[in-house]
Number of protein chains: 2
Amino acid sequence: MSTTCLLADSPTPDVPEDGILRLYSMRFCPFAQRVHLVLDAKQIPYHSIYINLTEKPDWIFEKNPQGKVPALELVREPGPPVLTESLLICEYLDEQYPLRPLYPRDPLKKVQEKLLIERFNAVLDAFFKASDGGEMEPFWCGLDVYERELARRETLYFGGEQTGILDYMIWPWCERLELLKLQRGEEYNYDEQRFPQLTLWLERMKRDPAVMAFYMEAEVQAEFLRTRSAGKPNYNLLVKET
Amino acid sequence: MSTTCLLADSPTPDVPEDGILRLYSMRFCPFAQRVHLVLDAKQIPYHSIYINLTEKPDWIFEKNPQGKVPALELVREPGPPVLTESLLICEYLDEQYPLRPLYPRDPLKKVQEKLLIERFNAVLDAFFKASDGGEMEPFWCGLDVYERELARRETLYFGGEQTGILDYMIWPWCERLELLKLQRGEEYNYDEQRFPQLTLWLERMKRDPAVMAFYMEAEVQAEFLRTRSAGKPNYNLLVKET
């Protein structure tokens, strides 16, 4: 699949009828990135269909009435059903494709992981505010929880000796630390002394195959945000590279 | 356990050390009600400890740093851990106590149920607005989705021939239809022609043992809201009855 974004007048995408999952996505969306990470980590084949969110193609509303992305079309199921909500899609994928499980099996460990993912909602809100020129300290305070948690677990990843669901669900905003650095310049005050475990974890995560498959340079993310702020988001910044 | 609400200066509650789950709750909170419904439907024994949310007792912050309810303390587990977030608590309970399962087993059916629960967030927001004197139509529009879904399923309950997770997760706001009627008087325009399936479902649900165990008359709910609007919420309205 091309990464060209599909516009309002685009015909239904010409995806082969091969029974392979279709992910309606947006290349710069951190929530969509969560689903790409899980699909890639579990090595589940899928087609990516990137959507222009400013001028959504009409057919996306046939796929899901709210026109949201990420949306996963289960082409082999009767309907076919289209799932939305990044976390729910990831849970479904982990249950439906049991190889390389990402959630813990034990109900208590599983709910504790989900609570840490839920709690990250406040952290990602703080990220968006910091990225938008607001205070950075609330974002660092949010990350303190995950620094302590990783220190407590004494493992390479939140998932243990390999990546797990919590690693991938928080990664999109951690990848964007470099974007924040670029945006905030000298005001950027990430402190390696404050986040010793997360600093090592960030380097490990950058070498993870699923992370590498969807990694985006901060300069490209910044350029997309610039075009969006200017009222003309360029969803196709990466097209030449693919 | 008494239903007396515990105030800021209350000592840690005197609950027997009997290994039984402890639910920190608030008697008038629809989110807490979800957890009571699931515990009662699955016949899991638990102690209810009702909290005064306006003047929270200090020890609740030791149980969970955000001081939230509902919160479920797993007294038999090392820690002991305290779970928050009504939906996550309910999922945990259904996995940990497999008798009388409430979620579908099939991953696709399960995620579809979770999507309908997620989608109800907009409906309950619309309920609160209508209850607060705002427009009622957005709430009815939200319920249209569930009317159509129940008609499509052709079952007695969303869960099939018996109640399931979706029935219980949306019930607290459906129980409050009578509260809305009381609050809005002649403006209340619930339409049985528009909601034929939901109308029958409401009557069936009112006879469900778990629903009956936590059911509250609209007059009592209304009286609580009146005391809250007046700045002096009376959390103990039900104390005499227990």
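The values are calculated or read from the model by the stated rules, or taken from the named source; none is laboratory data. Note that this is a predicted model, so its numbers are computed, not measured. Note that each Cβ is placed from the backbone with ideal geometry, even for glycine, and that neighbours are counted across all protein chains shown. Areas reflect the complete protein model, heavy atoms only, side chains present, ligands, DNA and RNA absent. Shrake-Rupley method; radii C 1.70, N 1.55, O 1.52, S 1.80 Å.
How much accessible area per residue does the range B:107-207 have, in Å², with a 1.4 Å probe? Display every interim value, and only then the final one.
Working: 4720 Å² over 101 residues.
So the range B:107-207 comes to 47 Å² accessible per residue, rounded to a whole number.
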(message) If you average the C-alpha positions of the range A:97-175 and of the range B:34-101 separately, how far apart do those two centres end up, in angstrom?
(response) 22
(request) Measure up B:Lys181/B:Lys232; B:Lys129/B:Lys232; B:Lys56/B:Lys110; A:Lys109/B:Lys206; A:Lys42/A:Lys68; A:Lys63/B:Lys181 against 27 Å on the Cα-Cα distance and list the ones that go over. (result) B:Lys56/B:Lys110; A:Lys109/B:Lys206; A:Lys63/B:Lys181
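Report the extension gain between A:Thr227 and A:Glu62 in nm, rounded to one decimal, defined as 0.36 nm multiplied by the number of residues separating them, less their alpha carbon distance. Before the final figure, lay out the partial values.
Working: separation 165, 0.36 × 165 = 59.40 nm, distance 2.85 nm.
Full-extension gain reported as 56.5 nm.
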(request) Note the distances from A:Lys109 to each other copy's matching label point, with points 7 Å along the Cα-to-beta-carbon direction, in nm, sorted shortest first. (result) 2.8
(message) What is the percent carbon and sulfur in the accessible area of the range A:40-89, measuring with a 1.4 Å probe over the protein chains and ignoring ligands?
(response) 45
(request) Could you pull the copy-to-copy label distances for A:Glu135, with points set 7 Å along Cα to Cβ, in nm to one decimal and sorted shortest first? (result) 3.6
(request) Tell me, for the rotation carrying B onto A, which chain B residue has the beta-carbon closest to the axis and what that distance is in whole Å. (result) B:Glu91, 5
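Return the value, in Å² to the nearest 100, of accessible area buried between chains B and A (probe 1.4 Å, both sides summed).
Working: alone 12540 and 12540 Å², together 23190 Å².
The B and A chains share an interface burying roughly 1900 Å².
Do the sum for chain A: with -39,500 (n - 2.57) for every DSSP H run of n ≥ 4, divided by all residues, what is the mean residue ellipticity at 222 nm, to the nearest 500 deg cm²/dmol?
Numbers: 10 runs with 118 residues, N = 242.
My calculation for chain A gives -15000 deg cm²/dmol from helical runs alone.
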(request) Starting from the amide H of A:Leu102, placed 1.01 Å from N in the peptide plane, find each other amide H under 5 Å away whose residue is 5 or more places distant or on another chain. (result) none
